[in-house]
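Single-structure report; data block below.
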Amino acid sequence: MRKTLINLLLTVLLLPILAACGAAGDGTSTGGTASGAAAGSAAASGAPTPIETEAASVAAGVAATTAATTAAETTTAETTETSAAGGADGSNIRVALVTDVGKVNDGTFNQFAFQGLQRAEQELGAQIDYIETQQQGDYEKNLEQFASGDYDLVIGVGFLMGDAIKAAASRHPDVNFAIVDFAYGDNPPANVKGLVFQEDQAGYLAGTMAALVSQSNTIGVVGGIEEVPAVKKFVQGYEAGAKAQKPDISVRQVYIPSFTDPAAGGEAARSMIAEGADVIFGAGGQTGSGAIQEAAKQGAFVIGVDQDEYTTTFRGGSTEGADKIVTSAIKRVDNAVFDTIQSVVEGNFSNELYVGTVENGGIDYAEAHDASAVVTADIKAKVDEVKEGLTNGSIQTGVQVQ
Amino acid sequence: MQNTISQPQLQAGANVPRGVSRARIVGIIGVVVAALLISAVVLRVDATKFSTLNIPQPGAPPNQPLARIPLPTVATVIVLQGLLGLVGLYIALRQRMQWITLYVSTMIGLAFFTILLWAVAGSSVDLVDVLARVVRLATPITLGALAGLICERSGVVNIAIEGTMLFGACIGFIVAMVSGSTTLGVLAAMLTGSLVSALHAVLSVNFKVDQIISGTVINLLAVGVTGYLRGSFIIGYEQRNGADITAQALPVLRIPGLSQIPVLGPIFFSHQPITYIMLILVFAINLLLFRTVWGLRTRAIGEHPKAADTVGIQVNRMRFWNVVASGLISGLAGAWFSLESTFRFDDVMTNGRGFIALAAMIFGKWTPLGAFGGALLFSSADALQIKIQGFNFGLPRQFLQMLPYLVTLVVLAGIIGRARPPAAVGQPYEKG
């Protein structure tokens with residue numbers, strides 16, 4: 001009995017691993033036949049390409065150890081590689097993306113950045129590649145893999161990657177880098193472009209909406225890791241926006257020190273609802289998504305973040321509480337990424353900081369979808385008025401976060 | 001191994017002299033804590049302010065509470081903490097050993113209550129909401145601790161609770177999502193938990209791999225495999241079949257009648273199924289471990305496997321099956337994350353609670369009731385910080401977020417006294 005169980009067990013546990021290996025194998029063969037073989041696939045197949053020798057001099061083991069992972073993940077990226085379109089020809093431009101911990105389809109800024117990459121592939125014909133980071137310790141390794149390969153632009157996603165990008169940029173002065181959500185201050189490295197956003201404006205719009213929708217005059221926000229400036233700007237902008245509408249409104253704030261703790265996010269939302277909050281803004285990755293999911297279930301109105309969470313967290317209206325999401329505070333990471341790739345294609349890449357604002361379309365708010373009965377034309381008009389004010393500068397959020 | 005080497009000293013140390021000084025230490029800590037809290041509140045809070053406790057009517061909206069209890073913040077804190085300090089002084093002077101456990105729990109409870117009063121000075125708070133959250137958040141930790149103590153009582157260290165939970169959460173969610181039945185998902189999570197634990201058992205009992213290494217391997221494997229499954233299957237499936245996924249998080253089961261009792265109803269009788277199962281399991285396993293043949297044998301193979309062997313207990317076989325059984329419980333804890341508290345699966349969503357569970361187990365000195373107490377300690381600190389962050393409070397947020405871990409650390413290290421693990425824990429048993 002025990003022997004049988006052991007055998008069964010080993011089989012069951014080995015299956016996913018074998019499946020992963022199978023995928024990796026496919027990736028290698030696809031990569032080999034496709035026009036521009038990725039560094040990962042080349043290393044995996046063992047071909048002595050220039051890429052590999054260069055890699056060997058910098059970080060010998062790195063490429064080989066991560067090769068299997070990349071190979072598996074480049075499979076999808078490479079299938080449409082040859083479809084170069086009109087406009088500026090970027091077919092000899094190679095762009096790579098390193099995600100923050102997460103996936104390119106996880107419904108966070110990782111996915112949004114990847115969409116920018118995909119657009120560049122379709123519209124500019126750029127060759128794209130990506131690695132999904134498994135844990136924070138892998139940033140350097142993943143960046144190094146692309147930087148030491150033959151890439152023109154390497155894009156990192158997330159504030160937490162700031163130091164890793166800077167280090168990679170100084171090791172590879174001939175490669176251009178971009179990083180979402182990080183600014184290097186007055187003297188950025190010459191080959192790194194920061195892509196940041198005025199999240200306070202997005203939060204301000206969300207706060208305006210929340211104050212107008214709220215009946216109880218108490219609203220709440222669940223943030224992720226407080227030390228990440230983007231989170232803090234969302235939260236403080238939210239408070240400022242709400243107080244601008246109703247000066248006496250009570251804005252409850254809870255930060256959860258993790259972006260992947262939906263259970264804690266949900267409890268934070270319930271805690272604020274028990275104190276009378278009737279609108280909850282979730283600004284902290286999956287923690288925030290967990291918060292608004294639970295809040296909607298409890299009957300409060302909710303506001304999503306980064307993308308239109310109606311389509312991600314509430315699966316396009318098919319989940320419980322989808323009629324409770326009144327808007328989302330949107331950050332167009334995809335546009336920023338696309339524009340950066342375009343600048344490389346057109347040969348005018350610079351290290352000048354990109355700041356996404358309401359004015360340049362980097363910041364926006366999402367429509368009400370199933371909650372349009374609550375977000376009346378009056379409310380929408382008022383939010384648009386505030387948006388107009390933020391655009392022409394007559395309204396300032398007053399949020400200072402560095 | 002170290003444990004056995006120091007065993008004789010440990011027992012000697014548990015004799016009278018050490019105990020007496022411990023009463024003194026605990027008493028003094030009580031006095032210091034009381035003094036600190038009183039001075040902080042007196043200095044920081046306006047003496048005219050009231051902290052109002054709202055007692056909600058079960059089922060009614062939060063703005064129509066059953067009762068509002070206004071307490072003058074400063075005066076209440078001085079009275080409560082003053083009493084606590086006096087009792088602490090008495091314990092320190094008279095060295096009342098038998099009071100320590102009760103005193104320490106009261107001290108922690110009152111300290112939390114004081115911080116809550118302090119945070120809501122000039123405002124009101126739903127106290128029942130906080131206490132209900134304490135029970136909910138204790139669920140995965142208690143279950144993890146129960147799983148851990150079954151293993152350790154059998155002589156197998158299981159630090160793989162975290163990974164086992166994560167596996168359970170992931171597979172349970174996949175099954176629920178695809179089949180449309182959350183109940184099936186919970187069963188799948190438990191089955192997965194037992195399979196993963198069986199791997200630990202195979203490695204550590206049969207192949208006699210170092211148990212820490214085996215556990216670490218499972219924890220690492222869990223992060224990788226579940227992350228892969230999420231990226232390659234869960235997200236894609238949700239996007240393709242979003243509208244067809246009918247399963248939802250486990251429903252809240254309000255026990256008729258009992259759930260309508262003010263205060264007690266929301267705290268104990270308005271929960272989701274896994275929380276009820278947790279409450280039952282605490283007492284059931286306590287009974288099993290200390291009142292049945294199975295329990296006696298389990299304790300025997302963890303304390304002195306050789307002696308157990310000589311009376312005919314098949315040590316390794318029993319260890320194997322106990323570890324497999326513990327996996328059912330940690331799998332259930334995993335289901336709490338993906339099927340009860342939320343209906344979603346995220347990378348590493350267990351966030352280290354499997355390790356906190358092990359701390360709760362040690363806190364409870366390897367007994368189910370004690371482990372439950374340890375879990376409550378952590379979850380009440382967690383519930384407290386979640387609640388008071390929502391108020392504009394003088395203490396920095398980072399400190400509040402740290403509170404659960406800080407309390408666990410301090411209590412484990414200083415107050416509960418030396419915990420004695422089962423003697424043979426961590427040692428593979430070889431016959432003959």
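What is the distance, in nm, between label points placed 7 Å from the Cα along the Cα-to-Cβ direction at A:VAL374 and at B:GLU430?
The answer from the label model is 6.6 nm.
So who's got an amide H within less than 5 Å of the one on B:SER51, skipping anything under 5 residues away but keeping other chains? H placed 1.01 Å off N, in plane.
Correct list: B:LEU71, B:THR73, B:GLY122.
What aspartates and glutamates does A:LYS380 reach when the alpha-carbon gap must be under 16 Å and sequence neighbours fewer than 8 apart in one chain are set aside?
Partners within reach: A:ASP364, A:GLU367, A:ASP370, A:GLU388.
Given a Förster distance of 30 angstrom, what is the FRET efficiency for B:ASN392 paired with B:LEU93, based on the Cβ-Cβ distance and rounded to 0.05?
0.15
Determine the sum of side-chain charges near B:VAL157: Lys and Arg each +1, Asp and Glu each -1, restricted to other residues whose C-beta is under 12 angstrom from that of B:VAL157.
0
So what is the 222 nm mean residue ellipticity for chain B from helices alone, if each DSSP H run of at least 4 adds -39500 (n - 2.57) and you divide by all residues, rounding to the nearest 500 deg cm²/dmol?
-21500 deg cm²/dmol
Can you pull the semi-axes for segment B:167-292, root of five times each eigenvalue of the Cα gyration tensor, sorted largest first, whole Å?
Value: 31, 27, 11 Å, ordered largest first.
For segment B:311-318, what does the Karplus curve 6.51 cos²θ - 1.76 cosθ + 1.60, with θ = phi - 60°, yield as ³J(HN,Hα) per residue in whole Hz, taken in order and with x for Gly and Pro?
Values per residue, Gly and Pro as x: 9, x, 7, 7, 4, 5, 4, 5 Hz.
Roughly how big is the protein assembly as shown's charge dipole about its Cα centre, with Cβ charges of +1 (Lys, Arg) and -1 (Asp, Glu), in debye to the nearest 20?
Dipole about the Cα centre, nearest 20: 5180 debye.
With the cut-off at 32 Å, tell me which of the pairs A:LYS246/A:LYS297; A:LYS103/A:LYS246; A:LYS141/A:LYS324; A:LYS193/A:LYS382; A:LYS141/A:LYS297 have Cα atoms farther apart than that.
Violating the 32 Å Cα-Cα cut-off are A:LYS103/A:LYS246; A:LYS141/A:LYS324; A:LYS193/A:LYS382; A:LYS141/A:LYS297.
Between B:LEU409 and B:ILE212, with labels modelled 7 Å along Cα→Cβ, what's the label distance in nm to one decimal, could you check?
My value for the distance between the label points is 2.0 nm.
For segment B:133-432, what number of Lys pairs, 8 or more residues apart or on separate chains, have alpha-carbon atoms under 25 Å from each other?
4
Would you grab the residues whose amide H sits under 5 Å from the one on A:VAL302? Only those 5+ places off in sequence or on another chain, please, with H modelled 1.01 Å from N.
Amide H neighbours of A:VAL302: A:ILE280, A:ILE325, A:VAL326.
Distance in nm between label sites at B:ILE69 and B:THR246, each 7 Å beyond Cα in the beta-carbon direction?
About 4.6 nm, to one decimal.
Short version: ³J(HN,Hα) in whole Hz for each residue of segment A:359-376, in order, from phi by Karplus 6.51 cos²θ - 1.76 cosθ + 1.60 (θ = phi - 60°), x for Gly and Pro, what are they?
Calculated HN-Hα couplings, in order: 4, 8, x, x, 10, 7, 10, 8, 6, 7, 6, 6, 9, 5, 5, 7, 7, 6 Hz.
For the protein assembly as shown, take the convex hull of the Cα atoms, compute a quarter of its surface area, and give me that in nm², please.
38.1
Only bridges with both residues in segment A:257-369 count here: give the DSSP antiparallel percent, nearest 5.
Expressed as a percentage, antiparallel bridges in segment A:257-369 total about 25.
Taking H as built 1.01 Å from N, whose amide H comes closer than 5 Å to the amide H of A:TYR365, not counting residues under 5 places away?
A:ILE330
Only bridges with both residues in the protein assembly as shown count here: give the DSSP antiparallel percent, nearest 5.
Around 20 percent of the beta bridges assigned by DSSP in the protein assembly as shown are antiparallel ones.
With both bridge residues required to lie in chain B, what share of the DSSP beta bridges run antiparallel, to the nearest 5%?
75
Calculate, in nm to one decimal, what B:ILE255 and B:TRP294 gain on full extension: separation in residues at 0.36 nm each, minus their alpha carbon distance.
10.8 nm
Under the Karplus relation 6.51 cos²θ - 1.76 cosθ + 1.60, θ = phi - 60°, what is the ordered set of whole-Hz ³J(HN,Hα) values for segment B:332-344, x standing for Gly and Pro?
With coefficients 6.51, -1.76 and 1.60, one gets 5, 4, x, 4, 4, 5, 9, 10, 10, 6, 9, 10, 6 Hz.
Translational diffusion coefficient, Stokes-Einstein: compute it for chain B using the Kirkwood radius over C-alpha pairs as Rh, at 25 °C and 0.890 mPa s, and state it as an integer in µm² s⁻¹.
105
To the nearest whole number, what is the average tally of beta carbon atoms from other chains within 10 Å of the beta carbons of peptide A:102-109?
Partner-chain Cβ atoms within 10 Å, mean over residues of A:102-109: 4.
Values in this text are rule-based calculations from the coordinates and carry no lab data. The shown structure was predicted, so the numbers you read here are calculated from the model rather than taken from an experiment. Quick reminder, even Gly has a Cβ in these numbers, built from the backbone with ideal geometry, and neighbours come from all protein chains shown.
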